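First the structure, in the form of structure tokens, and then the observations on it.
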Amino acid sequence: MRHVLTIAWKDLRSELRTKESINAAAAFSMVILVLFSFVLDISGDAREFGGGLLWLVFAFAGALVLNRSFAREQSNDCLDALVASPLPGWALFLGKALANFALLAVVELIALPVFGILFNADWLRFPGWIALTCALATWGMTVIGTMFSALTVNLRLRELMLPVLVYPMLIPVLMAAMQLTSALLSGTGITGDDWVWVKLLIGFDIIFTSLSLALIDVILVN
Amino acid sequence: MSGAALDVRAVWKYFGDFPALRAVTLGVAPGECLAMLGRNGAGKTTLLKILAGLSTVSQGSVSVFGSEGHSSGARRKTGVLGHGIGIYDELSARENLELFGTLYGVANPGQTALDWLERVGLNHVAHARAREFSRGMRQRLAVARAFLHAPDLLLLDEPFTALDDRSIALLQRLLAERLAAGATVVMSTHQLREAMELATHWALLVRGKLVHKGERTPEILADPAWVYRNYGEDS
Amino acid sequence: MKTKILMAMALFSGLYLVRNLYVILLQLPDEAAQGAIYRIMYFHVPGWITSFSAYFLAAVASIYYLVKRDSRADEFAVALTEVGTIFTMLGLGTGMVWARIIWGVWWVWDPRLTWAFICFLIYAGYLLLRKTIDEPGQRARIAAVVSLFAFVSVVITYKSIDWWRTQHPGAVLSFRTGGEQRMDPAMEHMLFQNWFALTAFAGVIMMLRLGQERMQRELDALRRYTHNL
């Protein structure tokens, strides 16, 4: 467990020192928000499309952070140095996932108020639920993103393959998060029909976290 | 072969259907310094990666200090220096060494890091980012990373390639020191002279096959190229 | 010998399919509510079951590969996934035609349909990924991991009619309704027969693809070998 924190801290420290991907992701999320304002007919009400818009922004901006996760290890063959050390594969994965989760959370915290202002959305009506939805969905995104970042790290066409593989895998999470967020933004809150999405998020997180932890060694050691 | 530092038995490694290693059997006793020779593509790096636990065997078995596979105990006693330097550009020299000190379970990572920075002559830039270092400084930092947990087994992949004079001298001094402390060293190399000075044994890989393993005799030290004249080419 | 068995299987499944078509089109009556178009069910439902069975077996083969590192398991995984993807396309296609007639549109964003489409995208990604990796060991390893991740979407698709209220019909086959008969027994019997025929047919093309894949690998290995001479 100490190793997990060591890795998470290392990733966060190197990222916060340059703020490369976090700045890029935050800037990109603003760009998408503006782009969507052209596409959608906005009459000062984000109730219907708010959830969808928000999670598309998180997904596209988050991908910038997630793609960098293992690419960062590549430059000096750092990944080899880590894998050869006594650090277990699962600890490496969890540490990187925790760091990514924190970075995505920062991007979301930057994007949410801007979204609220630009699209006149009252995203703080159910603060607990919004936080829970964001946490569950972001963890799901993080696990898939980190895992596929590791999977594709040595591939020739990684930039091409990553989006093709990651976004379809993410659709369940995004769909659930969109449904829940839309319900929260529209002011109805979580009703009986929405529980299936909460369950889906929890199930998704559990299944893919376990799958990743079970399979990460296969990916790291070739 | 109990008590061996490394025991490689009938190891095959396939990349697809292509055998990169063919039935390699190799024992390395504690305290040996083995220079592994062979052309590019002969399988030196593949074998070292398997020994370091970065790669799996297709057939056969590898045990390090008597433990099959790569237990965390065996990994803790192993120092690895590969082609890449394994240093994080965004972290400072000290943070890099502290990170690996922590991962290898060194007693006091902070102090160990400072001690090693002094040993490799980087204490004046301990808090500077590795990105800003010159090539030679980065190499010395990488050497410190591989040695800082006083490993009993050192796996070095072409350690002398592309090193400057100062780094070569440093590496040789550190290797001699670890060998004197009873550690085992396996290194692949093209730099026969530098390697043979330290080596107690040498081995030759040709197209994935181990064709020779034996003691380094004084004659070889006098004329290292003899190796290639006698065993070099098979076609 | 092997080719003879394969030929016999191919002949059998072909004749069986023709015979089933005869029964489906000419002997069975129209369905009360849907009329003639309901017959597409005999291909839509078994097609999907065949597709998902292929994905399931591909996941099993992938696990076997990861445990044993036997490249033959990877050959099975790729052949099964390709066949599964073909049947997914068949399932999507027949579904669209059916939807056009009964619902009046080719497509609705109903949970069942959406998940099925996600499945298709994920497995298409899997097949694309395989094409981009040259080194066979690395390809097999990464593909096996992706196959296991992908299979989760199959499970969700399969269960989606139970978890959501869908426009797509819910479970009708007796083994999913706990024995309750929601369908005319004669129709269900015919459906099972055509399932059997389609699965046999899928098996045949899977074996053909497997043989082709083996040949391809042998060629690759030989070419690599000659480069190293």
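The values are calculated or read from the model by the stated rules, or taken from the named source; none is laboratory data. Quantities reported herein were computed from a predicted structural model and do not represent experimental measurements. Glycine also receives a Cβ, built like all others from the backbone with ideal geometry; neighbour counts cover every protein chain displayed.
The table that follows gives values for the structure above.
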{"item": "Entirely in region A:15-130, the helices (runs of 4 or more DSSP H) that have 1 or more residues that are under 19 Å from the mean Cα position of the chain (by Cα) and more than 14 Å from chain B (Cβ to nearest Cβ)", "result": "A:20-39, A:50-74, A:89-118"}
{"item": "Counted residues, region A:181-220 - those being part of a helix (DSSP H, G or I), surrounded by 17 or more Cβ atoms within 10 Å (Cβ to Cβ) and more than 10 Å from every other protein chain (Cβ to nearest Cβ)", "result": "11"}
{"item": "Exclusive hit being more than 30 Å from B:Gly82 (Cα to Cα) and touching a residue at least 24 places away in the same chain (Cβ under 8 Å), set A:Glu48, A:Glu15, A:Glu73", "result": "A:Glu48"}
{"item": "Residues (of a type outside the set (D, E, K, R) and farther than 28 Å from C:Ser13 by Cα) located in region C:206-223", "result": "C:Leu219, C:Ala221, C:Leu222"}
{"item": "Qualifying positions in region C:144-156 - farther than 17 Å from C:Gly125 by Cα and under 14 Å from the mean Cα position of the chain (by Cα)", "result": "C:Val155"}
{"item": "Only listed residue being in contact (Cβ under 8 Å) with a residue 40 or more places away in the chain and touching a Gly at 6+ places or on another chain (Cβ under 6 Å), chosen from A:Leu66, A:Leu118, A:Leu112", "result": "A:Leu66"}
{"item": "Residues satisfying the stated conditions in region C:128-138, i.e. within 14 Å of chain B (Cβ to nearest Cβ) and among the charged types (D, E, K, R)", "result": "C:Arg130, C:Asp134, C:Glu135"}
{"item": "Residue selected from region B:50-61 under the condition surrounded by 23 or more Cβ atoms within 10 Å (Cβ to Cβ) and more than 7 Å from every other protein chain (Cβ to nearest Cβ), by the criterion farthest from B:Arg140 (Cα to Cα)", "result": "B:Ile50"}
{"item": "Residue among C:Arg69, C:Arg130 that is of a type in the set (Lys, Arg) and at pLDDT 90 or above", "result": "C:Arg130"}
{"item": "Of all residues making up region B:191-227, the number that are among the aliphatic types (A, V, I, L, M) and either more than 24 Å from B:Pro30 (Cβ to Cβ) or part of a strand (DSSP E or B) (or both)", "result": "10"}
{"item": "Conditions (1) within 14 Å of chain A (Cβ to nearest Cβ); (2) more than 30 Å from C:Ile133 (Cα to Cα): number failed by C:Asp184", "result": "(1)"}
{"item": "Filter result for the condition that a residue is under 18 Å from the mean Cα position of the chain (by Cα), more than 8 Å from chain C (Cβ to nearest Cβ), buried (at least 16 other Cβ atoms within 10 Å of the Cβ) and over 20 Å from C:Lys159 (Cα atoms), over A:Val173, A:Val166", "result": "A:Val166"}
{"item": "Among the candidates B:Ala150, B:Ala162, B:Ala107, B:Ala169, residue that is within 19 Å of the chain's Cα centre (by Cα), small (Gly, Ala, Ser), at pLDDT below 90 and part of a loop (DSSP other than H, G, I, E, B)", "result": "B:Ala162"}
{"item": "Filtered residue count, region B:73-94, keeping only those that are within 7 Å of another protein chain (Cβ to nearest Cβ), surrounded by 22 or more Cβ atoms within 10 Å (Cβ to Cβ) and assigned to a helix (DSSP H, G or I)", "result": "1"}
{"item": "Only one of B:Asp157, B:Asp152 that is in contact with a Pro (Cβ under 9 Å, 6 or more places away or on another chain), surrounded by 16 or more Cβ atoms within 10 Å (Cβ to Cβ) and within 14 Å of chain A (Cβ to nearest Cβ)", "result": "B:Asp152"}
{"item": "Test: residue in region A:120-141 that is at pLDDT below 85, closer than 27 Å to A:Ser37 by Cβ and surrounded by 22 or more Cβ atoms within 10 Å (Cβ to Cβ)", "result": "yes"}
{"item": "Conditions (1) facing chain A (nearest Cβ under 10 Å); (2) more than 15 Å from the chain's Cα centre (by Cα): number failed by B:Leu117", "result": "(1)"}
{"item": "Within region C:21-46, tally of residues that are more than 19 Å from the chain's Cα centre (by Cα) and either of a type outside the set (D, E, K, R) or exposed (fewer than 11 other Cβ atoms within 10 Å of the Cβ) (or both)", "result": "16"}
{"item": "Residue check, C:Val152 surrounded by 13 or more Cβ atoms within 10 Å (Cβ to Cβ) and without any contact (Cβ under 8 Å) to a residue 12 or more places away in the chain", "result": "yes"}
{"item": "Residue list for region B:57-72, filter: out of contact with any Gly (no Cβ under 9 Å at 6 or more places or on another chain) and either in a loop (DSSP other than H, G, I, E, B) or within 18 Å of B:Pro30 (Cβ to Cβ) (or both)", "result": "B:Val57, B:Glu68, B:Ser71"}
{"item": "Filter result (in contact (Cβ under 8 Å) with a residue 40 or more places away in the chain and farther than 18 Å from C:Ala79 by Cβ) within region C:138-148", "result": "C:Val145"}
{"item": "Restricting region A:145-163 to residues that are at the interface with another protein chain (Cβ under 8 Å from one of its Cβ atoms) and in a helix (DSSP H, G or I), the residue that is surrounded by the fewest Cβ atoms within 10 Å (Cβ to Cβ)", "result": "A:Leu160"}
{"item": "Candidate set: region B:12-40, residues that are buried (at least 18 other Cβ atoms within 10 Å of the Cβ), on the phi < 0 side of the Ramachandran plot and among the small types (Gly, Ala, Ser); chosen: the one farthest from the chain's Cα centre (by Cα)", "result": "B:Ala20"}
{"item": "Subset of region C:155-192 (residues that are touching a helix residue (DSSP H, G or I) at 6+ places or on another chain (Cβ under 7 Å), touching a residue at least 24 places away in the same chain (Cβ under 8 Å) and not aliphatic (A, V, I, L, M))", "result": "C:Thr157, C:Tyr158, C:Ser160, C:Trp163, C:Trp164, C:Thr166, C:His168"}
{"item": "Yes/no for A:Ala137 being more than 14 Å from every other protein chain (Cβ to nearest Cβ) and among the small types (Gly, Ala, Ser)", "result": "yes"}
{"item": "Unique match (being touching a Ser or Thr at 6+ places or on another chain (Cβ under 7 Å) and away from every other protein chain (no Cβ under 11 Å)) among B:Ala35, B:Ala29, B:Ala20", "result": "B:Ala35"}
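Let's see how each residue does on (1) over 14 Å from C:Ala58 (Cα atoms); (2) part of a helix (DSSP H, G or I); (3) away from chain B (no Cβ under 14 Å):
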position	(1), (2), (3)
C:Asp74	no, yes, no
C:Leu80	no, yes, yes
C:Val97	yes, yes, yes
C:Arg100	yes, yes, yes
C:Trp115	yes, yes, yes
C:Tyr126	no, yes, yes
C:Ala140	no, yes, no
C:Val145	no, yes, yes
C:Ser160	yes, yes, yes
